[in-house]
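Here's the structure we're looking at; comments come further down.
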Amino acid sequence: MSLDVSPKLLADAENGQVREEDFVDTVRTSLPYAYTLIAELAGELRSGDAVFADNQTPPPSEHERGQLLRALASDAIRSSLERHFGVGLAFQNCHRVAVFRPEDRGGATHSRFTSTRSQILNQSPEFRDC
């Protein structure tokens, strides 16, 4: 499972009312590595002038890598984190996640980062099994 959903959140979902804050809190507690990494990158982006902030350090274990992959593979989780942190997320390989200011999505740097060319150039043998 991707998320450790509380009985209350499950009941809320069954009744059709899920507060985004509750969902994001579930993501935070279920996928702490992914949440913390994105939070740190968002803080780095806000504190500087760069167009984006990214992580190029592999996770400490496959457990943390799995958290990151689950967070970014789910449209609901990914979009909730983007709204929560006020960023746009971009992802390459097994761990290179980047945060962009929403207004920079589709710009030259974002387009370059998300291009097929960049994806190919950021491949290496150690990424084949992740």
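Can you work out the accessible area per residue across region 33-96, with the rest of the protein chains kept in place, probe 1.4 Å, in square angstrom? Intermediate results must be reported in sequence, preceding the final value.
On the way: 2950 Å² over 64 residues.
For region 33-96, the solvent-accessible area averages 46 Å² per residue.
Tell me the carbon and sulfur percent of the accessible area for the chain, rounded to whole percent, probe radius 1.4 Å.
Values: 3870 of 7600 Å².
Of all accessible area on the chain, carbon and sulfur atoms account for 51 percent.
Take peptides 71-83, 24-36, 3-15 and line them up by average Cβ neighbours within 10 Å, highest first, as a rough protection proxy.
Working: 71-83: 16.6, 24-36: 18.3, 3-15: 12.0.
For the peptides 71-83, 24-36, 3-15, the packing ranking is 24-36, 71-83, 3-15.
Which shape class applies to region 49-99: rounded if a/c is under 1.5, otherwise prolate when a/b exceeds b/c and oblate if not, where a ≥ b ≥ c are the square roots of the Cα gyration tensor eigenvalues?
Details: a/c = 2.34, a/b = 1.19, b/c = 1.96.
Here region 49-99 falls in the oblate category.
What shape does region 1-56 take by its C-alpha gyration tensor, where a ≥ b ≥ c are the square roots of the eigenvalues and a/c under 1.5 counts as rounded, a/b above b/c as prolate, and the rest as oblate?
Values: a/c = 4.20, a/b = 2.40, b/c = 1.75.
The shape class here is prolate.
Order the following by accessible area, largest value first: His110, His63. Probe radius 1.4 Å; ligands, DNA and RNA are ignored.
Numbers: His110 25, His63 120 Å².
Heavy-atom accessible area, descending, gives His63, His110.
Quick one: net charge around Ala42, please, counting Lys, Arg +1 and Asp, Glu -1 for every other residue with C-beta under 12 Å from its C-beta.
Details: positive: Arg46, Arg83, Arg101; negative: Glu40, Glu44, Asp54, Glu82.
Every neighbour counted, the sum reads -1.
Add +1 for every Lys or Arg and -1 for every Asp or Glu among the other residues with Cβ under 15 Å from the Cβ of Phe52, and state the total. Walk me through the numbers before you get to the answer.
Values: positive: Arg46, Arg96, Arg101, Arg105, Arg112; negative: Glu40, Glu44, Asp49, Asp54, Glu82, Glu103, Asp104.
So the environment of Phe52 carries a net charge of -2.
I need the per residue convex hull volume for the chain, using only the alpha carbons, in cubic angstrom as a whole number.
On the way: hull volume 15.2 nm³, N = 130.
Dividing the Cα hull volume of the chain by its residues yields 117 Å³.
First select every other residue whose beta carbon is under 15 angstrom from the beta carbon of Arg70; then total the charges, Lys and Arg +1, Asp and Glu -1.
Numbers: positive: Arg28, Arg65, Arg78; negative: Asp4, Glu62, Glu64, Asp75.
Charge balance near Arg70 sits at -1.
So how do Arg101, Arg19 rank on accessible area, 1.4 Å probe, biggest first, that is with the largest at the start? Working shown, then result.
Numbers: Arg101 60, Arg19 135 Å².
Order by accessible area, largest first: Arg19, Arg101.
Heavy-atom accessible area of Phe91 with all protein chains present, probe 1.4 Å, nearest 10 Å²?
60
The values are calculated or read from the model by the stated rules, or taken from the named source; none is laboratory data. In this text the structure is predicted, and so the values were computed from the model without any measurement. All Cβ positions, even for glycine, are placed from backbone atoms using ideal geometry, and neighbour counts span all protein chains on display. These accessible areas exclude ligands, DNA and RNA; they are computed on the full protein's heavy atoms, side chains included. Shrake-Rupley method; radii C 1.70, N 1.55, O 1.52, S 1.80 Å.
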